[in-house]
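The structure appears right after this line, and notes come after that.
The values are calculated or read from the model by the stated rules, or taken from the named source; none is laboratory data. What you see is a predicted model; the values in this text were computed from it and never measured. When we count neighbours, we look across all protein chains shown, and the Cβ atoms used for this are built from the backbone with ideal geometry, even at glycine. Only protein heavy atoms, including side chains, enter the accessible area calculation; ligands, DNA and RNA are left aside. Shrake-Rupley method; radii C 1.70, N 1.55, O 1.52, S 1.80 Å.
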Amino acid sequence: MRYAIIGDIHSNLEAFEAVIADIKTRGGFDEIWCLGDVVGYGPEPHACIEILQQYRHICVAGNHDWAAIGKIDTSDFNHDAAIANRWTARQLTNTDVSYLQKLPVKLTQGEFTLVHGSPLHPIWEYLLSVEGARDSFMYFDTKFCLVGHSHVPLIFQENKNGTCLMIKVPESLRLGVENHRFIINPGSVGQPRDGDPRASYMLYNSDDQIMYHYRVNYDINITQRKMIKYKLPSPLVSRLNYGC
Ligand code: ZN
């Protein structure tokens, strides 16, 4: 089975479609594993939910997904994110709302736990440091945990002696031969923040147990023009150029 590991689509239809097209050129996928924040920031929340539902998939809830349906308030969001979130809420159909309502905060699939933020705080915690990741390994039972939220492709490795280190994300990682546990972030489809504006995703092949990381160009201008048309905050428009 081939799994498309994606997260933080953030209503960016062009980036999402580019990722789907890229996977298809690489032999396709059987199922999408989505790590939350399907909506928020970008200009196409409804279309992104609709496309995701066209495929066999599982998905966990992100903070933007919950905020868009009023499940959490936006007081912890920065000003621009809150404006975009209120706009997002107005674009959702009743079907979209009920889809987002039903998203679980945590899922387990074989050797993988899926959450948006961290296994301890699935909605809110950012895993960006070795210190935060080290404690997180205590809060899931599977060998691997897939996370999103930071929009940065990252891999944390737990060593047998309880220490933890951040390893550079390789083009491919042989999970089957690894004795270590890992926390893996595939990066963001729709709003990368690691200085690379290309959409980021991973593809997991369970036959040979290899996790692949890919970056994909998409037409950022089209997304930006829509954001300007809908009067979404300009810093959110310009950051897509820089992947920050
Ligand atoms: Zn996000």
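Can residue 219 be described as touching a helix residue (DSSP H, G or I) at 6+ places or on another chain (Cβ under 9 Å), open to solvent by 40 Å² or more (accessible area, probe 1.4 Å) and within 30 Å of residue 239 (Cα to Cα)? Even if it seems obvious, please write down each step before you answer.
Numbers: touching a helix residue (DSSP H, G or I) at 6+ places or on another chain (Cβ under 9 Å): yes; open to solvent by 40 Å² or more (accessible area, probe 1.4 Å): yes; within 30 Å of residue 239 (Cα to Cα): yes.
So residue 219 fits the description; yes.
Select from region 139-169 the residues that are open to solvent by 40 Å² or more (accessible area, probe 1.4 Å), in a loop (DSSP other than H, G, I, E, B) and either of a type in the set (Asp, Glu) or under 13 Å from residue 116 (Cα atoms) (or both) and list them in ascending order.
Result: 141, single match.
So, in region 98-117, how many residues would count as being touching a residue at least 40 places away in the same chain (Cβ under 8 Å) and either within 19 Å of residue 68 (Cβ to Cβ) or within 15 Å of the ligand (Cβ to nearest atom) (or both)?
9
Residues of region 50-90 being in a loop (DSSP other than H, G, I, E, B) and away from the ligand (no atom under 15 Å from the Cβ), which ones?
Matches in region 50-90: 54, 55, 56, 69, 70, 71, 73, 75.
Quick check on region 170-190: of everything there that is part of a loop (DSSP other than H, G, I, E, B), in contact (Cβ under 8 Å) with a residue 12 or more places away in the chain and surrounded by fewer than 20 Cβ atoms within 10 Å (Cβ to Cβ), which residue is farthest from the ligand (Cβ to nearest atom)?
Filtering region 170-190 for residues that are part of a loop (DSSP other than H, G, I, E, B), in contact (Cβ under 8 Å) with a residue 12 or more places away in the chain and surrounded by fewer than 20 Cβ atoms within 10 Å (Cβ to Cβ), the one farthest from the ligand (Cβ to nearest atom) comes out as 179.
So residue 33 clears everything in (1) in contact with a helix residue (DSSP H, G or I) (Cβ under 7 Å, 6 or more places away or on another chain); (2) over 23 Å from residue 221 (Cα atoms); (3) away from the ligand (no atom under 13 Å from the Cβ); (4) modelled with pLDDT of 95 or more except one condition, right? Which one?
The one condition residue 33 does not meet is (1).
Suppose we filter region 226-244 for residues that are among the β-branched types (Val, Ile, Thr) and open to solvent by 70 Å² or more (accessible area, probe 1.4 Å); how many remain?
1
Based on this model, can you work out whether residue 214 counts as among the hydroxyl-bearing types (Ser, Thr, Tyr) and either under 16 Å from the mean Cα position of the chain (by Cα) or at pLDDT below 95 (or both)? It would help to see each step written out before you state the result.
Numbers: among the hydroxyl-bearing types (Ser, Thr, Tyr): yes; either under 16 Å from the mean Cα position of the chain (by Cα) or at pLDDT below 95 (or both): yes.
The answer is yes for residue 214.
Table: residues versus (1) in contact (Cβ under 8 Å) with a residue 12 or more places away in the chain; (2) open to solvent by less than 30 Å² (accessible area, probe 1.4 Å).
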site	(1), (2)
17	yes, no
20	yes, yes
24	no, no
52	yes, yes
55	yes, no
83	yes, no
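With within 16 Å of the ligand (Cβ to nearest atom) and open to solvent by less than 20 Å² (accessible area, probe 1.4 Å) as the only criterion, which of 40, 28 stands out? Before you say what the answer is, go through the steps one by one.
Details: 28 fails: within 16 Å of the ligand (Cβ to nearest atom).
Being within 16 Å of the ligand (Cβ to nearest atom) and open to solvent by less than 20 Å² (accessible area, probe 1.4 Å) holds for just one of 40, 28, which is 40.
With the requirement that a residue be within 21 Å of residue 226 (Cβ to Cβ), in a loop (DSSP other than H, G, I, E, B) and open to solvent by less than 40 Å² (accessible area, probe 1.4 Å), what does region 91-121 give you?
92
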